[in-house]
Structures are given as structure tokens and as C-alpha cells.
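Values in this text are rule-based calculations from the coordinates and carry no lab data. Small disclaimer: the values here were computed from a predicted structure and weren't measured. Here the Cβ positions follow ideal geometry from the backbone for every residue, glycine too, while neighbour counts run over all protein chains shown.
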Amino acid sequence: MYLLGFLAAYYLSYYRRHRLQWTKDDLSDALFYCVLGVIGGGRIGYMLFYDFASLVDNPLSLLYIWKGGMSFHGGVIGVVLACWILARRKGINPFDLGDFVLPAMPIGIGLGRLGNFINGELWGKPTNADWGVIFPAIDLQARHPSQLYEMLLEGLVLFIILWWFSAKPKPRMTMIGLFLLGYGLARFTVEFVRVPDSHLGYLLFDWMTMGQILTLPMMLIGSFMLIYGYKKNIIPNYSNQQSHQS
């Protein structure tokens, strides 16, 4: 699913490459940096946010990727750092690069959630709904297929919104803001029917999960970037930015 997500992001970005006046080599560089950011940031984020005790007991557990454990929020931080470094090397504004790559990201997120469903992990709470799914490795209760809810909201719906929003040039950083706000709302909502990590449980007010706690700053930052972006109303002139190979 990661591989399919990276390939989809590459070809969708290729379709929009004229926005940055980029070549195939530039896109390949961006893909390489984003892969490192997603995987490295996702793994480090999981260990810091969800399994810090294991990291303290055995720092090498950070490398145990075959045991699973990837954090979306960590992956976002990793991609932000990767894009910042790449933008500096390419001589473009980091926010312009972020606005360029983000419309393609929800496809990868949706595929990742589909992978969660196939693996029978990150399941939802018990339900009497007709669409409830039984995960035999857990129990024989019909549960909310929360992975599919996230696939639809964080993946398909968010992709449609961002792709539509990006049809015409928008003020700098507003695409990033819309992504953060849209993902945050989707994730925060689905967490109500998703079972929290067993070793963490509910962390605030006996109902708020780690996923919701980590999503709150995303929504706040996203809202700020949307408001600030439209207030400044800086429409990047990509034709004046010279891309180069490093």
C-alpha cells in the first residue's frame, strides 16, 4: 500500500508539474525525499507518541519495523522536514512546495487505511449496524470498519476536496492549511468509533484518544494558515522560479 501510494502521488504530481515548472528529475527527487520523510517520520513518531516506554527500554526497537508501528502524525512531521530541505536545495519557497505535493497525498493515506483493514488492525468499536465487520483475530463481535471510514474520509473525500481546491492557483500556504484542517476533522471524528491503543486507552476526559490529541494542533495550525494565507493573498508566480537539479 505504501508503494502504491508513492506511485500514485508521483503520477498525480507529474500531471501538475507545470505548477512548479519542474522536470521528471525534480519530481523523482521530491518522491525520494517524501519517502524518507513518511517512513522515517512515521516510525520515529510512533515510538515517541505511542510506544515511548519501549524506546527507552530498547532504543534499537526504533528499527524493528517488521513488528509494525507507524504514526501518521510522525509521517507528516517527516514530510514537512523533507520538503523544507528539498525546497532549500531547489531554491523555492517551502510553502509553495507543500502546496504542490499535498493534493496527491490523500490517495496514499486512503491506501494505507485499506492496508489496515486488510491486516485486521486498528479496528472499530462493536456495532449493530448492517455493515459491521467481524475481525476473527480479535473476537466474533461485529465492529465498525473504522479503517474504511478513514479510507473514505481521509483518502477519497479529502483528495476530491484538495484536487478541486487546487484547480486554480490559490494563496500561498492555503493548500497546506486545508489539508491539515480537513485531515484533522476526519481523523478526530472517526476516532469516536475506533478502539484506542490498548496500552494507552483514553487519555483526556475519559473519551479523548492519542489520535485526537495529536490532531488538535493540526486543525489549529491548518485554520491559522488558511486565514493568514487569504489575508496576505500572495499568489506565487511559479514561472519566475527556476528549478535546477542538485
Residue among 66, 22 that is in contact (Cβ under 8 Å) with a residue 12 or more places away in the chain and either outside any helix (DSSP H, G or I) or not hydroxyl-bearing (Ser, Thr, Tyr) (or both): 22
Hits in region 35-64 - residues which are within 20 Å of the chain's Cα centre (by Cα), surrounded by fewer than 16 Cβ atoms within 10 Å (Cβ to Cβ) and more than 29 Å from residue 104 (Cβ to Cβ): none
Residues of region 75-88 classified as touching a Phe, Trp or Tyr at 6+ places or on another chain (Cβ under 6 Å) and among the small types (Gly, Ala, Ser), total: 1
Residue within region 130-138 that is surrounded by fewer than 17 Cβ atoms within 10 Å (Cβ to Cβ) and touching a strand residue (DSSP E or B) at 6+ places or on another chain (Cβ under 6 Å) present: yes
Tally, over region 134-156, of residues that are more than 25 Å from residue 184 (Cα to Cα) and under 26 Å from the mean Cα position of the chain (by Cα): 1
Verdict on residue 117 being more than 16 Å from the chain's Cα centre (by Cα), under 30 Å from residue 225 (Cα atoms) and of a type outside the set (D, E, K, R): no
Residue pairs meeting the criteria (Cβ under 8 Å; at least 6 apart or on separate chains; first farther than 16 Å from residue 183 by Cβ, in region 139-162; second among the aliphatic types (A, V, I, L, M) and part of a helix (DSSP H, G or I)): 144/193; 148/114
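Could you tell me whether residue 172 is at negative phi and touching a strand residue (DSSP E or B) at 6+ places or on another chain (Cβ under 6 Å)?
When the stated conditions are applied, residue 172 does not pass them.
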Residue match in region 229-240 (condition: assigned to a helix (DSSP H, G or I) and in contact with a Gly (Cβ under 7 Å, 6 or more places away or on another chain)): yes
Helices (runs of 4 or more DSSP H) contained entirely in region 108-205, each with at least 1 residues that are more than 21 Å from residue 70 (Cα to Cα) and touching a helix residue (DSSP H, G or I) at 6+ places or on another chain (Cβ under 8 Å): 158-165, 174-190
